[in-house]
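The values are calculated or read from the model by the stated rules, or taken from the named source; none is laboratory data. The shown structure was predicted, so the numbers you read here are calculated from the model rather than taken from an experiment. No Cβ is skipped: glycine too gets one built from the backbone with ideal geometry, and neighbour counts run over all protein chains shown.
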Ligand SMILES: Cc1cc2nc3c(=O)[nH]c(=O)nc-3n(C[C@H](O)[C@H](O)[C@H](O)COP(=O)(O)O)c2cc1C
């Protein structure tokens, strides 16, 4: 997050590796993550940043990119999904369709990597933050997340019944017809859309959490926390 170039015509001066824009004031600074303020606890820091992001004008601060890989690591794929809950034991809960590609990966290889990106303005200043979480995804028991399913808006419940995630759709009109039947059954006949068996939730248990934070003209600071065998966190400041 250094040079801010809106378009090629903005480029004013190129000097070796440095690219300045005409609009820049040639400012620079060094961001600082005050880890002590959060008692050296990455979960406290995560919650603080997350709360701030939720209080900003970001539409989906709970959206995160989740990367999974096949057992042999030959297939790696990433997609965004929503963090549904941060559990009391520091697990990051996500929900999905058990028949999906990601779940095939998770069945073979529970190692995952998640990344949140929060870019917003606070008091006129641009804040750019990223949190990376590497860990192990554990499939939860239905009883652990039925409430999360129940809390979902209607269209999400309809989707859970209608869509076989990742399956080819041969006939969109047929799908629309099925959609309307499900919807009408719910709205007009009061049929309950119970949680289907393929609706699944995982808890990502973090082993590594890394924070990257900066403002518009600052060089980012990074703080990396590694989970130790005694469940404490070892942290290091690392270069941007
Ligand atoms: C903002 C956003 C939020 C999403 N949230 C979820 C989610 O919570 N669960 C989910 O299964 N897919 C979610 N998706 C869809 C996924 O990105 C992806 O298309 C889907 O899970 C299939 O991925 P897979 O084929 O790799 O398994 C979301 C997509 C976007 C853009």
Where in segment 126-202 are there helices (runs of 4 or more DSSP H), lying fully within it, with 3 or more residues that are more than 16 Å from the ligand (Cβ to nearest atom) and modelled with pLDDT under 95?
172-187
Looking at this structure, is residue 106 surrounded by 15 or more Cβ atoms within 10 Å (Cβ to Cβ), within 12 Å of the ligand (Cβ to nearest atom) and either closer than 25 Å to residue 58 by Cα or within 14 Å of the chain's Cα centre (by Cα) (or both)?
no
Could you check, for segment 75-93, whether at least one of its residues is away from the ligand (no atom under 12 Å from the Cβ) and more than 18 Å from residue 209 (Cα to Cα)?
no
So is residue 114 within 15 Å of the chain's Cα centre (by Cα), within 14 Å of the ligand (Cβ to nearest atom) and within 22 Å of residue 235 (Cα to Cα) or not?
yes
Do we find that residue 98 is within 16 Å of the ligand (Cβ to nearest atom), within 21 Å of residue 140 (Cα to Cα) and touching a strand residue (DSSP E or B) at 6+ places or on another chain (Cβ under 6 Å) in this structure?
yes
